[in-house]
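These notes are about the structure you will find just below.
Taken together, the values in this text are just the output of simple stated rules run on the coordinates, not laboratory data. Computed from a prediction, not measured in an experiment: that's the story for all the values here. All Cβ positions, even for glycine, are placed from backbone atoms using ideal geometry, and neighbour counts span all protein chains on display.
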Amino acid sequence: MSPRVLLVDDDPVILRLLEVNFRLEGFEVATASSGEQGLEAARREPPDAAVLDVMMPGLDGYEVARRLRDEGTAARPTSSSS
């Protein structure tokens with residue numbers, strides 16, 4: 001299974017650039033154009049990592065990160081094979 005990354009940015013050009021580059025590197029990618037959409041996407045399918053724009057209208061990247069941590073959706077559980 002490929003690692004899943006959530007990309008959140010209100011600039012569509014930057015969001016698309018990030019998406020293309022992460023996909024080329026083998027990541028499964030979810031995108032959102034606002035903090036609210038990013039939270040909803042993470043609740044549906046928790047990512048392994050998130051790249052958040054700090055300066056967005058509404059919920060900024062700092063607030064999204066805080067809520068992801070508080071809700072426990074900051075990262076999906078992984079199984080350990082020892």
Matching residues, segment 17-47, being among the β-branched types (V, I, T) and within 11 Å of the chain's Cα centre (by Cα) | V29, T31
Filter segment 1-53 for residues that are acidic (D, E) and assigned to a loop (DSSP other than H, G, I, E, B); which is surrounded by the most Cβ atoms within 10 Å (Cβ to Cβ)?
-> D9
